[in-house]
Amino acid sequence: MSTTAHALGEVQGRDEPDRVFRRYVFNNPETCSNCFRTIKSDHVRICHGTLGHDVEPKATRAKSVRRHPTDDDEIGPEGICIGTEQVEITTKARYPTRTICEDCGSVAGRADSNPLSRREALSRAENVAERLHELGEPVDIDQLKHAVGHLKSLEEFASYDTEVFEAATTVCVKRARTRL
């Protein structure tokens, strides 16, 4: 059975339950993959700099003035420093603003490679439930937290956070859909 791709934010009732977490929560650029909070709601991507400007004026700096060595000098290849002069630095590079999750501090909303504790995973399950409700998937938050807690307590799954959230989401989405 094949499924069709949907735009982000579109109600995903037709997607297979095992695809919902990765496609619409974990890989969603508007959601932090570390804590599952919404980090972007209205953003515009720009390639370089700010609004087309990639340089701005800057102050001056001191540059050493050297006398180049002659054959008679026993000095290094740079010569003797005889003073300094002020040199104008005309520009400095500007870089696009980075997105930082205000909740967990993740740069660009990327998931941390260190495994979560059971307690941290349970608190983040609430955020997953919120994202699923926004998609139109009415999962039971208590069931989701129970599934995440159960999988995190199993030694063989304790350090596989993404897979734990994916499996718990799949089970809870299937249950919620059978009740409708």
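The values are calculated or read from the model by the stated rules, or taken from the named source; none is laboratory data. Just so it is clear, the model here is predicted, and its values are computed rather than measured. Here the Cβ positions follow ideal geometry from the backbone for every residue, glycine too, while neighbour counts run over all protein chains shown. For the accessible areas, the whole protein counts, side chains as well, though only heavy atoms, and no ligand, DNA or RNA atoms are used. Shrake-Rupley method; radii C 1.70, N 1.55, O 1.52, S 1.80 Å.
Ignoring ligands, DNA and RNA, please state the percent of accessible area on segment 95-156 from carbon and sulfur, probe 1.4 Å.
45
Between S117 and D142, what FRET efficiency comes out of the Förster formula 1/(1 + (r/R0)^6) with R0 = 22 Å and r the beta carbon distance, rounded to 0.05?
The calculated FRET efficiency here is 0.65.
Can you give me the long-range amide H partners of I39? Hydrogens built in the peptide plane at 1.01 Å from N, cutoff under 5 Å, separation of 5 or more residues or another chain.
Correct list: T31, C32.
Taking the Cα atoms of segment 108-180, what is the range of coordinates along each of the three principal axes, in descending order and whole Å?
37, 30, 16
Subtracting the Cα-Cα distance from 0.36 nm times the residue separation, let me have the gained length for T84 to R175 in nm, one decimal.
Length gained, T84 through R175: 25.3 nm.
Once both labels are modelled 7 Å past Cα along the beta-carbon direction, what's the V107-H133 spacing in nm?
Rounded to a tenth, the inter-label distance reads 3.4 nm.
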